[in-house]
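Written below as structure tokens is the structure these notes are about.
The values are calculated or read from the model by the stated rules, or taken from the named source; none is laboratory data. Please read all numbers here as calculations on a predicted model, not as lab measurements. Don't worry about glycine lacking a Cβ; one is built from the backbone with ideal geometry, like all the others, and counts go over all protein chains shown. For the accessible areas, the whole protein counts, side chains as well, though only heavy atoms, and no ligand, DNA or RNA atoms are used. Shrake-Rupley method; radii C 1.70, N 1.55, O 1.52, S 1.80 Å.
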Amino acid sequence: MIFLGIETSCDETAAAIVRADDQDNAPAEILSNIILSQTEDHAPFGGVVPEIAARAHLNSIEGIVKKALIIAKTSLKDIDGIAVTSGPGLAGGLIVGTMMARGIAAVHNKPLYTINHLEGHALTARLTNNASFPYLLLLVSGGHTQILLVRGVGEYERWATTIDDALGEAFDKTAKLLGLPYPGGPQVETAALNGNPKVHQFPRPLKGRDTLDMSFSGLKTAVRKAAQESDNLNNSAISDICASFQTAVSDVLEDRLARAIEKFTTLYDRPSALVVAGGVAANSEIRSRLQSLCEKSGWGWVAPPHILCTDNAAMIAWAGLERHRLQIPNIDEGIKPRWPLDQNATSKIGSGRKGAKA
Ligand code: KG4
Ligand code: ZN
């Protein structure tokens, strides 16, 4: 079975072709994975500008889909289905992607799957590592910070969320406060390499509390204060702030995930795997802290390659394939800029920059 995936929910225009056997649990193959990033278009504004994003998707979607087909050496008539992100995300981009997918599905008479972008992230570990249900997912990106229990395709329980800023947003804001360019995550990580994490005792919000939720806005305020109080904000001072910030974040994540693992064990009485996804999952300190937590707990650790942790269309094609194999009927409800993966989870104040995007 061959699926075309299309992703346009934020600032990447992406298309991919994924092939899998029609039996469950058979290994899949990514035949092409084309991603056109708009980061440079948005960088001067310090964040994603919706109008610029929509226009850029419109200008490039056709070429990106063609390229994905050419590299995969296939054609629209040979694919078995199309999967497209229909939410959550920025409305303009979602419209461009879903209109394209609907058009292809109608003209070539192929099944269409409208996919929740977060489901794409949640199921990536099955595409890359054949992860078996149930497992825990830490999704940390510019728009979302969540711990999810992934029980099966379409079965997700949100165990935790940020109650204010998304973690990627906290990295980006920290970078901005220190005069580092956007996107800030990689800049903060690089600066932290030369810094001393003990120079600033930044808060570890909600750490040790009897909740799995997270909060990062207090940490951001502490960074601002440290930057203002520094008499000479040179490279070395910036590095110390970045290192102290990154260590505080890692402490919080380790604490929350240790609790989530405990909660999982009381429910299932056995270990499973922790999967990470989202741009922040590229951070080496966070990765190594969580990996050693898994080793200590006898848990599996799944960190898909960076290109599949950040936004891509292979994860969308894969989610469509999984749904198709299970014969889950698709309900096309149009675009859904807000679309929680766990419909039963209560919404928390401000769970991310764009409020809806991972
Ligand atoms: O999943 P993603 O690529 O897309 C969106 O959220 O749209 O995540 C981007 C976020 C940005 O906030 C970026 O600063 C952060 O991921 N990020 C990182 C690192 N690389 C990217 N944060 C910390 N350390 C990194 N190495
Ligand atoms: Zn995402």
* **Filter result (at pLDDT below 95 and assigned to a helix (DSSP H, G or I)) within the range 256-279** => GLY279
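Residues checked against (1) in a strand (DSSP E or B); (2) in contact with a Phe, Trp or Tyr (Cβ under 9 Å, 6 or more places away or on another chain); (3) open to solvent by 40 Å² or more (accessible area, probe 1.4 Å); (4) at pLDDT below 90:
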position: ILE6; (1), (2), (3), (4): yes, no, no, no
position: ALA15; (1), (2), (3), (4): yes, no, no, no
position: ARG19; (1), (2), (3), (4): yes, yes, yes, no
position: ASP24; (1), (2), (3), (4): no, no, yes, yes
position: ASP41; (1), (2), (3), (4): no, no, yes, yes
position: ILE52; (1), (2), (3), (4): no, yes, yes, yes
position: LEU58; (1), (2), (3), (4): no, no, yes, no
position: GLY63; (1), (2), (3), (4): no, no, yes, no
* For ASN116: the one exception among (1) away from ligand 1 (no atom under 16 Å from the Cβ); (2) touching a Leu at 6+ places or on another chain (Cβ under 7 Å); (3) more than 30 Å from ARG204 (Cα to Cα) -> (1)
* **Restricting the range 132-160 to residues that are more than 15 Å from ligand 2 (Cβ to nearest atom) and open to solvent by less than 10 Å² (accessible area, probe 1.4 Å), the residue that is nearest to SER272 (Cα to Cα)** => TYR135
* Say whether the condition of being in contact with a helix residue (DSSP H, G or I) (Cβ under 7 Å, 6 or more places away or on another chain) and within 22 Å of PHE3 (Cα to Cα) is met by at least one residue in the range 280-300. => no
* Asked: Of all residues in the range 226-250, which are surrounded by fewer than 16 Cβ atoms within 10 Å (Cβ to Cβ) and part of a helix (DSSP H, G or I)?
  -> GLN228, GLU229, ASN235, SER236
* Qualifying positions in the range 170-184 - open to solvent by less than 20 Å² (accessible area, probe 1.4 Å) and in contact (Cβ under 8 Å) with a residue 40 or more places away in the chain -> ALA170, PHE171, THR174, LEU178
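Take the residues in the range 286-327 that are part of a loop (DSSP other than H, G, I, E, B) and under 23 Å from SER272 (Cβ atoms), then tell me which one is most open to solvent (accessible area, probe 1.4 Å).
Let us first name the residues in the range 286-327 that are part of a loop (DSSP other than H, G, I, E, B), namely 298-299, 303-305, 310-313, 326-327.
Still in the running and under 23 Å from SER272 (Cβ atoms): 298-299, 303-305, 326.
Numbers: GLY298: 52, TRP299: 20, ALA303: 32, PRO304: 3, PRO305: 72, LEU326: 94 Å².
Looking at residues that are part of a loop (DSSP other than H, G, I, E, B) and under 23 Å from SER272 (Cβ atoms), I get LEU326.
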